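The values are calculated or read from the model by the stated rules, or taken from the named source; none is laboratory data. A quick note: this is a predicted structure, and the numbers were derived from the prediction, not measured. As a convention, Cβ positions derive from the backbone with ideal geometry for all residues, glycine included, and neighbour counts pool all protein chains shown. Surface accessibility is based on the protein's heavy atoms, side chains included, excluding ligands, DNA and RNA. Shrake-Rupley method; radii C 1.70, N 1.55, O 1.52, S 1.80 Å.
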Amino acid sequence: MKTLIVNGTVIDPASGLNRRTNVLVEDGRVAQIGNTPSSAADRVIDAEGLLVVPGLVDIHVHFREPGFTHKETIHTGSLAAAAGGFTAVVCMPNTRPAIDTVETLAQVLETGRRDGLVKLFSSAAITYGIEGSRLTDMESLHQAGAVTFTDDGKTVMDPHLLYEAFRRAAELDVPISSHCEDHRLVDRGALNRGATSRRLGDPGIPALGEELIIARDILFAEETGARLHIQHVSTARGVQLIREAKARGVRVTAEGAPHHFTLTDEQALISGTLAKVNPPLRTARDVEAVAQGLRDGTLDAIATDHAPHTLEEKSLPLDRAPFGMVGLETAVGLTFTRLVHTGLLTAEQAIAKLTSAPAAVMGLPVGRLAAGLDADIAIIDPQKEWVVDPQTFLSRSRNTPFGGMRLTGKTVLTMVRGDIIYDDREGADNPWPADAD
Ligand SMILES: [Zn+2]
């Protein structure tokens, strides 16, 4: 089967390719990028006015399997990924059991190969049970395929233990991914500590709690030579700490999440617990700093922190509802609406933050669109206007504060190894793959 994608603007940030041309896909791979005639193909996809880009890469998702499959499974999570244009993801280890042994890791990767439509990579926990007290067997987990180590959702607080984790990570040359939060400063807050949290009677989560750990982990990385990746940076001073560390040569990378460059803490007045996320939505100044951090390269990648919860769980009171929101199906729309159409990033820069840059952070063999490589491709309509309707999400969960929001920019087709796994073009009768349920 030969598929030819014609008339699109083909962007491959890693090689600097950005021009109107055709992409020929054959036997699951990109056979040629150039002016191949349509007669050479069995199937032609017209991408007039559209961007043809590497399949997007999300290095921060929670697919909830094993243990919390009422929220999401590897299968439903990968359907959501496909609908967002993502063809590769890195799963977080806070499942039940946590991904803290080679057996659990192997099971997750095997389920990914069996049920996942997209390429599934996994992190592993730094400590057993994400309890912060005993280091996992990082060497064996790394050999078994863990691409990064993280206790995401929690912060390892014991400096002796953490020093040892960084030392081993340096030896293995694998990044530590850090969820930054000094919980001793947090004390059961749900929202950013400020006017909105006070108004809602919430104790609040201070920016300082995140910034203390960012500063600490930068020092650990500097001391040990390990690679550090700061997850979901949400504060202006956090961005500045990373900027300064990069300037003096520390091996630190960082990600920004669409909700953190789009929404302020006031969203909780509109969306209630659907706006409860950790780190929390902060002030307008912080939102601007995250966007500027992406613009100047301080923040390398856009990552969603896709965190499904049922609406039942989210209907609990503010202090008891779980943290997190789904993000895979709104990421492209938010990135284009908030960063590209405002002129903060070019389309090529935005695509880099969603493909080659996150792949480089985690050392993943994905995020490129070039002859000879797997045909993992997203086709994006940068001008498509749409309104977020959580009822149409392919994720098992619908917890988003973006419902009803009008966005400009949407994934219209997603392909993994040459197979179309999502198709929302005009005229396509059913955008979902046959086995969607
Ligand atoms: Zn986190």
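Of note:
- Axis angle, to the nearest 10 degrees, between helix 159-172 and the longest C-alpha principal axis of the chain: 30 degrees.
- Lys, Arg +1 and Asp, Glu -1 on Cβ, resulting dipole of segment 55-362 about Cα centre, debye, nearest 20: 560 debye
- The relative contact order of segment 55-362 comes to 17 percent, based on Cα pairs under 8 Å that sit 6 or more residues apart.
- Distance in nm between pseudo-label sites at residue 419 and residue 103 (7 Å out along the Cβ direction from Cα): 3.0 nm
- Taking the centroid of alpha carbons for each part, segment 274-289 and segment 223-237 are 17 Å apart.
- Local electrostatic count, residue 2, Cβ distance below 15 Å [Lys/Arg +1, Asp/Glu -1]: -1
- Selection among 307, 328, 206 by position relative to the dipole of the chain gives 206 as farthest towards the positive end (Cβ unit charges, Cα centre).
- Size-normalised alpha-carbon gyration radius of segment 283-437, reference 2.2 N^0.38 Å: 1.12
- With all pairs of different C-alpha atoms in the average, the Kirkwood value for the hydrodynamic radius of segment 104-207 is 15.6 Å.
- Full-extension gain in nm, residue 406 to residue 113, via 0.36 nm per residue minus C-alpha separation: 102.0 nm
- Per residue accessible area in Å² of the chain, where ligands, DNA and RNA are left out and the probe is 1.4 Å: 37 Å²
- Within the listed set 312, 223, 348, the Gaussian network model of the chain (springs between alpha-carbon atoms below 10 Å) gives the highest mean-square fluctuation for 312.
- Reciprocal mean inverse distance between Cα atoms of the chain - Kirkwood radius, Å: 21.6 Å
- In a simple Cβ point-charge model (Lys, Arg +1; Asp, Glu -1; nothing else charged), segment 164-225 has a dipole of about 460 debye relative to its Cα centre.
- Split the accessible area of the chain by element, probe 1.4 Å, and carbon with sulfur accounts for 48%.
- Restraint check, 246/410; 154/410; 71/246; 2/71; 119/276; 246/384, Cα-Cα greater than 31 Å: 246/410; 154/410; 71/246; 2/71; 246/384
- Contour minus Cα-Cα distance for residue 182 and residue 389 (0.36 nm per residue): 71.0 nm
- Rounded to 10°, Cα long-axis angle of helix 236-247 versus longest principal axis of the chain: 80 degrees
- Within a straight-line Cα-Cα reach of under 14 Å, residue 353 can be paired with the following aspartates and glutamates, leaving aside sequence neighbours fewer than 8 residues apart in one chain: 12, 58, 255, 296, 300.
- log10 of Debye I(q)/I(0), alpha-carbon scatterers only, for segment 27-138 at 0.15, 0.18 Å⁻¹: -0.71, -0.89
- Helical runs assigned H by DSSP (4 residues or longer) give the chain a calculated mean residue ellipticity at 222 nm of -8000 deg cm²/dmol, each run adding -39500 (n - 2.57) before division by the residue total.
- For segment 325-386: span of alpha carbons on each principal axis (Å, largest first): 34, 24, 23
- D by Stokes-Einstein for segment 201-271, Kirkwood Rh over Cα pairs, 20 °C, 1.002 mPa s: 161 µm²/s.
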